[in-house]
Amino acid sequence: MFEKIREIIREQLNVDEDSIAMSTHLMKDLEADSLDAVEIIMAIEDEFEIEIPDEQAEKFQSVGDIVKYVEDQTNEE
């Protein structure tokens with residue numbers, strides 16, 4: 001799960017995958033802006049065939065937050 005999400009983030013932000021860890025903060029560490037965040041969320045939704053509500057996406061701070069949410073959603077199915 002983490003590997004796939006890391007790959008999506010790497011592609012969207014064009015950063016080295018070694019700079020992406022579970023504790024990596026999207027805005028502070030990777031300098032993602034709100035448009036980047038929306039594109040990452042959309043790519044994750046497409047990859048995992050899930051829907052992430054905007055109010056939930058706004059709560060994501062770290063890569064780990066995203067991984068945990070996606071794991072929770074995909075395990076419910």
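The values are calculated or read from the model by the stated rules, or taken from the named source; none is laboratory data. Predicted, not measured: the structure shown is a model, and the values here were computed from it. Using ideal geometry, Cβ is built from the backbone for each residue, glycine included, and neighbour counts are taken over all protein chains shown. These area figures cover heavy atoms from the full protein model, side chains too; ligands, DNA and RNA do not enter into them. Shrake-Rupley method; radii C 1.70, N 1.55, O 1.52, S 1.80 Å.
Numerical summary
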{"quantity": "Per residue accessible area of segment 1-42, 1.4 Å probe, in Å²", "calculated": "64 Å²"}
{"quantity": "Protection proxy ranking, peptides 43-52, 59-68, average beta carbon neighbours within 10 Å, highest first", "calculated": "59-68, 43-52"}
{"quantity": "Accessible area of the chain belonging to carbon and sulfur atoms, whole % at 1.4 Å probe", "calculated": "43 percent"}
{"quantity": "Cα-based helix-to-principal-axis angle, 63-76 vs the chain, degrees rounded to 10", "calculated": "20 degrees"}
{"quantity": "Charge dipole of the chain about the Cα centre (unit charges at C-beta), most positive-ward option of Ile66, Ile8, Ser19", "calculated": "Ser19"}
{"quantity": "Which labelled figure in (i) 19, 62, 18, 1; (ii) 19, 55, 22, 4; (iii) 16, 42, 33, 9, 0 is P(r) over Cα pairs in 10 Å bins from 0, in percent, once derived from the coordinates", "calculated": "(i)"}
{"quantity": "Value at 222 nm in deg cm²/dmol, rounded to 500, when DSSP H runs of n ≥ 4 in the chain each add -39,500 (n - 2.57)", "calculated": "-18000 deg cm²/dmol"}
